[in-house]
1. Rounded to the nearest 10 Å², what accessible area does V110 have for a 1.4 Å probe in the complete protein model?
2. What shape does the chain have by the C-alpha gyration tensor, where a ≥ b ≥ c are the square roots of the eigenvalues, rounded means a/c under 1.5, and otherwise prolate means a/b greater than b/c and oblate the rest?
3. Considering only DSSP beta bridges where both residues belong to the chain, give the percentage that are antiparallel (nearest 5).
4. Among Y19, Y57, Y104, determine the one that fluctuates most according to a GNM of the chain built with springs between C-alpha atoms less than 10 Å apart.
5. Under 20 Å from the 7 Å Cα→Cβ point of Y57, by amide nitrogen: which residues of region 92-131?
6. Name the most mobile residue of I105, I84, I39, meaning the one with the largest mean-square fluctuation, in a Gaussian network model of the chain with Cα contacts below 10 Å.
7. At a 1.4 Å probe, what is the % contribution of carbon and sulfur to the accessible area of region 1-130?
8. Express in nm, to one decimal, how much length is gained between Q38 and E100 on full extension, taking 0.36 nm for each residue of separation and deducting their alpha carbon distance.
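The values are calculated or read from the model by the stated rules, or taken from the named source; none is laboratory data. Please read all numbers here as calculations on a predicted model, not as lab measurements. Glycine gets a Cβ as well: all are built from the backbone with ideal geometry, and neighbour counts include every protein chain shown. Protein only, heavy atoms only, side chains kept; ligands, DNA and RNA dropped before computing areas. Shrake-Rupley method; radii C 1.70, N 1.55, O 1.52, S 1.80 Å.
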Amino acid sequence: CDSKANEYCQFSKNGCLIYENRPSGCKNFACLWQRQPQIPDKFRPDLLGVMFELPDYCRTYIGHIVPGTLWKQNELVKILIQKINEAGDAVIMYDEITMEQDCYIPDGMVKEDVFKDIDRTLALYKMEGRI
């Protein structure tokens with residue numbers, strides 16, 4: 001598999017087509033729904049059309065949008081973003097196909113803080129050899 005980070009995976013079609021043979025990067029990745037057992041099943045990425053992640057060291061959640069998903073019209077997505085913002089964290093919704101992003105920032109935070117947070121996280125990942 002030659003899929004790269006932050007690019008939509010060619011093997012993602014209603015689930016992973018190569019799940020048994022997926023690369024280590026995929027095996028080590030855990031979306032928010034997997035990491036937080038208190039999140040109800042209705043927020044499962046395959047049902048929601050968005051996979052949320054919270055990278056290590058980061059306070060900014062990333063919502064990876066499944067291509068073709070009308071996520072802005074999905075009330076459950078709005079609820080999850082609102083809950084994350086109420087907890088004091090930011091959300092960037094990212095479309096790997098169009099490269100568009102929407103930023104949802106809680107009170108007391110500015111967009112510059114979000115990008116500094118992500119840059120710091122990426123720098124730590126590079127130091128650890130993750131990317």
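1. Rounded to the nearest 10, that gives 80 Å².
2. It is oblate, given that a/c is not under 1.5 and a/b is not larger than b/c.
3. Counting only bridges with both partners in the chain, antiparallel ones make up about 65 percent.
4. With Cα springs under 10 Å in the chain, the top fluctuation among Y19, Y57, Y104 is at Y19.
5. 92, 112-131, by backbone N distance to the label point.
6. Checking each option, the largest mean-square fluctuation is seen for I39.
7. Heavy-atom surface of region 1-130 belonging to carbon and sulfur, 1.4 Å probe: 52 percent.
8. So the extension gain works out to 19.3 nm.
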